[in-house]
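The values are calculated or read from the model by the stated rules, or taken from the named source; none is laboratory data. Since we're looking at a predicted model, the values are computed, not measured. For neighbour counting, all protein chains shown are included, and Cβ atoms are generated from backbone atoms with ideal geometry for every residue, glycine included. These accessible areas exclude ligands, DNA and RNA; they are computed on the full protein's heavy atoms, side chains included. Shrake-Rupley method; radii C 1.70, N 1.55, O 1.52, S 1.80 Å.
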2 protein chains.
Amino acid sequence: MSDSITAVEHEVLAAVLQVRTHVLQVLLWQRARKPDAGRWSLPGGRLGPDEDVEHSIRRQLAEKVDVRQLSHVEQLSVFSAPDRRPDTRMVATAFLGLVPSHVDPAVPEDTSWHPVDRLPETAFDHRAIVERARGRLRAKLSYTNIGFAIAPPEFTISELRTHYSAALGYTVSATNLQRVLARRGVLEPTGETAPPGRAGGRPAALFRFAAGGLEVTDQFAVLRPPAGPYAHSSVR
Amino acid sequence: MSDSITAVEHEVLAAVLQVRTHVLQVLLWQRARKPDAGRWSLPGGRLGPDEDVEHSIRRQLAEKVDVRQLSHVEQLSVFSAPDRRPDTRMVATAFLGLVPSHVDPAVPEDTSWHPVDRLPETAFDHRAIVERARGRLRAKLSYTNIGFAIAPPEFTISELRTHYSAALGYTVSATNLQRVLARRGVLEPTGETAPPGRAGGRPAALFRFAAGGLEVTDQFAVLRPPAGPYAHSSVR
DNA sequence: CCAAAAGTGTTGCCTATACACCCATGT
DNA sequence: ACATGGGTGTATAGGCAACACTTTTGG
């Protein structure tokens, strides 16, 4: 049995996603040093001795790229292939982070946003992590209220539609988006309206998300218990 | 910045679940040594230097508890609270493992199966891991074909019903279970029938699962792309 | 012929998408 | 008045749970 005293180095990495200019983008920094110098890398760093992985990724995002206004952070998966980095053996815990579209965090020189659909050359296995993050976001848009984490505090339905379309990668109808979210009780009207654009048109009503935290709004489709309302259960 | 040379020890743990005597059970071993001596613990061990976490957990289950016939293994989450163990700082990657009900793996002396609903005193945070595993299994029973991993190779609908009921924790109707799985194409008849019990009755048809691997069978309910059949997409 | 177990038909409810139509504003 | 964008009504389709009913066996 090989239970030697091998302690493995552990890093935390986050794919921080935001809808910018109607496109889903991810925050990357360009590596200066080898290995993989010049390639683009996810923010993160080594796990500290007195923190759990979620504290760690939040700390590192705050310190290194000054992203403090994360609306949602969620663990994705462990990436642990022995050769995932050529230099060291390093296990990574990957996260999905979301930033609402109305904030524009100040990021360092070597850091910038990149459309998720057109990633540059990424370091190590970071491309796979970004794709995992996008997949998770897309899935949760369908059955949770996670829209609150990508949208600004108040919005019109068309604005919300552009956010959902950007994140999902295909056009969604404002009509049906409104209905689905309304029926589930995810949206609530603020009572205010937004002024029309230069071309006129009916002023749009403003909405906000009713809840501030993640909730499962669509109980899984089938095999639910006989009667009882299992709706809005906790997130797995 | 605290990027010291701290390497964190890393273990892999699995909640191995099986339906036994119509109850969902988990495999635990009783700790002999401190800390938490006498308490029940999940199988697993330290991550080796040349393996990824999934290889590691499969190796450890094979070595330590002789469980080789896993029908499904899936990563759950990282447990990394600094004080999750009183002795060492140790990060754990937790897995869900499934064993089909017709196999009875030989397990060591200090190891035994326990109903998930009535766990004994567990070591460290292992109770939380078991609950996470159960939650994941329950969710996936609803929207994937994961039943293949808990059921024997061939079965009647009533047998399948008892498996689903045990795993879900509530009674499901054989009628509707059959219909749901049939419509989705996850079940296929073998053509054979099982002999009736002592009380008589119509002989039950035998079925098997059509696919051997995990598939998402129920595309998420809403916000799907305009038309195209996105069914049976890959698992996130 | 009766009891028991398996499987099917039918109904009612709910949710979703698509599309036509009405509403409110600027020019 | 008309163009423009916002919002609602309605039709259609489909999935699911509940339950009555039919089928097939043993006694």
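Within the stretch A:99-131, restricting attention to residues that are outside any loop (DSSP other than H, G, I, E, B) and charged (D, E, K, R), which residue is nearest to the other protein chains (Cβ to nearest Cβ)?
Across the stretch A:99-131, the extreme among qualifying residues is A:Glu131.
From the list B:Ala182, B:Ala199, B:Ala204, pick out the single residue that is within 12 Å of DNA strand D (Cβ to nearest atom), hydrophobic (A, V, I, L, M, F, W, C), at pLDDT 90 or above and more than 28 Å from A:Asp218 (Cα to Cα).
The conditions single out B:Ala204.
Can you tell me which residue among A:Pro189, A:Pro196 is open to solvent by 50 Å² or more (accessible area, probe 1.4 Å), farther than 12 Å from A:Phe155 by Cβ and away from chain B (no Cβ under 14 Å)?
That would be A:Pro196, the only listed residue that is open to solvent by 50 Å² or more (accessible area, probe 1.4 Å), farther than 12 Å from A:Phe155 by Cβ and away from chain B (no Cβ under 14 Å).
What about B:Arg224, is it within 14 Å of chain A (Cβ to nearest Cβ) and either surrounded by 14 or more Cβ atoms within 10 Å (Cβ to Cβ) or at pLDDT 85 or above (or both)?
yes
If we scan the stretch A:132-143, do we find a residue that is charged (D, E, K, R), in contact with a strand residue (DSSP E or B) (Cβ under 9 Å, 6 or more places away or on another chain) and either more than 13 Å from chain B (Cβ to nearest Cβ) or part of a loop (DSSP other than H, G, I, E, B) (or both)?
The answer is no, given that none of the residues of the stretch A:132-143 is charged (D, E, K, R), in contact with a strand residue (DSSP E or B) (Cβ under 9 Å, 6 or more places away or on another chain) and either more than 13 Å from chain B (Cβ to nearest Cβ) or part of a loop (DSSP other than H, G, I, E, B) (or both).
If you scan the stretch A:146-174, which residues turn out to be within 12 Å of chain B (Cβ to nearest Cβ) and either among the acidic types (Asp, Glu) or not in a helix (DSSP H, G or I) (or both)?
Residues satisfying the conditions are A:Gly169, A:Tyr170, A:Thr171, A:Val172, A:Ser173.
Restricting attention to the stretch B:132-150, report how many residues are over 11 Å from the mean Cα position of the chain (by Cα) and free of Cβ contacts under 8 Å to residues at least 60 places away in the same chain.
Total meeting the criteria: 1.
Do we find a residue being in contact (Cβ under 8 Å) with a residue 40 or more places away in the chain, open to solvent by less than 30 Å² (accessible area, probe 1.4 Å) and either hydrophobic (A, V, I, L, M, F, W, C) or more than 16 Å from DNA strand C (Cβ to nearest atom) (or both) anywhere in the stretch A:172-182?
no
Looking for something free of Cβ contacts under 8 Å to residues at least 40 places away in the same chain and within 9 Å of chain A (Cβ to nearest Cβ) - is there at least one such residue anywhere in the stretch B:8-18?
no
Would you please name the residue that is surrounded by the fewest Cβ atoms within 10 Å (Cβ to Cβ), looking only at residues in the stretch A:31-51 that are free of Cβ contacts under 8 Å to residues at least 24 places away in the same chain and of a type in the set (Gly, Ala, Ser)?
Only one residue tops the list, namely A:Ala37.
In the stretch B:1-93, which strands (runs of 3 or more DSSP E) lie fully inside it and hold 3 or more residues that are farther than 30 Å from B:Phe155 by Cα and of a type outside the set (Lys, Arg)?
B:9-20, B:72-79
In this structure, is A:Glu121 surrounded by fewer than 16 Cβ atoms within 10 Å (Cβ to Cβ), touching a residue at least 60 places away in the same chain (Cβ under 8 Å) and more than 23 Å from A:Val73 (Cβ to Cβ)?
Criteria met by A:Glu121.
Kindly provide the set of residues from the stretch A:175-186 that are part of a loop (DSSP other than H, G, I, E, B) and away from chain B (no Cβ under 12 Å), ordered by number.
A:Gly185
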